[in-house]
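Read the structure below first, then the notes.
The values are calculated or read from the model by the stated rules, or taken from the named source; none is laboratory data. The model shown is predicted, which means the values in this text are computed figures rather than measured ones. Counting neighbours? That spans all protein chains shown, and the Cβs are built from the backbone with ideal geometry, glycine included.
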Amino acid sequence: MPSDPHWIWILVIFGLATGWLYHLSVTAPTLDNAAASPLKFPSSLEDLHSLVNTLTLYKSDHISYIVILFCSAYLYKQTFAIPGSVFLNLLAGALFGAEAGFIVTSILTACGATNCYLLSKNFGKPVIIRRFKTRLEFLQEKIEANMDSLFYFLLFVRLFPMSPNWFLNMASPLLNIPIHYFFFSVLIGLMPYNFICVQTGCVLSSIKSVNDIFTFWILFKLLLVALVSVVPGILIKWWKGKTIKMD
């Protein structure tokens, strides 16, 4: 509902963030090179290749601009739960290399998701409850069943390759998940995903499809990592149950 004051604030914040990105794009340093293409979010590997070629032209003389533009674009997508982070992770690898790209994307993922958390907490509650009531109730049941090991449960959910991260970002404050649990579960839990994407971005020319990144074997390894994260929670529950019986 446009008349809802919560919607108005969300639209204002979205408009300001969009205006900032537009300002960055129109004030980009001038390039005397016909190979430069317009700056826009990539939605395909063809778009990504063109963007990498353009931004690489800026790197030697305008690295600060590249960093500000990339960080702003990444936070924008994460804050407003816009799909397509895989392309920005690939872009990070192509522009900054494996190590720097991994560090930058991991930090930006956690910060951007936390922005989404705060936006949802302060302005999005009525909208999210109306739209996702059933999914919220399901997730609430799972959280209540794992309260003794909440952080490990959140870590598992993030590590699990099929989890809807955009929904978890919006729903977490409504389910009273502490913000520090949220931040560090995102930071740690999405590290494997970020690492795989960034590392692949370093050899972008050999990638023909996004499906080439997430092969069956890679998804299987991500699933194993997710399952390992559950072990501490299971041990905590077992130990608490054992203690209660002893008492």
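Picking from Ala113, Ala73, Ala100, which residue would you name as being under 20 Å from the mean Cα position of the chain (by Cα) and closer than 16 Å to Gly189 by Cβ?
Ala113
I need the full set of residues from the stretch 80-120 which are farther than 14 Å from Tyr193 by Cα, buried (at least 24 other Cβ atoms within 10 Å of the Cβ) and among the hydroxyl-bearing types (Ser, Thr, Tyr), in order please.
Result: Tyr117, single match.
For residues in the stretch 171-227 being under 19 Å from the mean Cα position of the chain (by Cα), at pLDDT below 65 and part of a helix (DSSP H, G or I), which is nearest to Leu159 (Cα to Cα)?
That would be Ala226.
What are the pairs with Cβ atoms under 7 angstrom where one residue, in the stretch 94-115, is at positive phi and the other, located anywhere, is surrounded by fewer than 20 Cβ atoms within 10 Å (Cβ to Cβ)? Sequence gap at least six, or different chains.
Taking only residues 6 or more apart or on different chains, the pairs are Gly97/Cys202.
Among the residues of the stretch 1-36 satisfying the criterion of being modelled with pLDDT of 85 or more and of a type in the set (Phe, Trp, Tyr), which is farthest from Lys121 (Cα to Cα)?
Only one residue fits best here, namely Tyr22.
Quick one: Ser185 ticks every box in (1) crowded, with 21+ Cβ neighbours inside 10 Å; (2) touching a residue at least 40 places away in the same chain (Cβ under 8 Å); (3) under 19 Å from Ser106 (Cβ atoms) except a single one, so which number is it?
(2)
Among the residues of the stretch 119-133, is there at least one that is part of a helix (DSSP H, G or I), without any contact (Cβ under 8 Å) to a residue 40 or more places away in the chain and aliphatic (A, V, I, L, M)?
no
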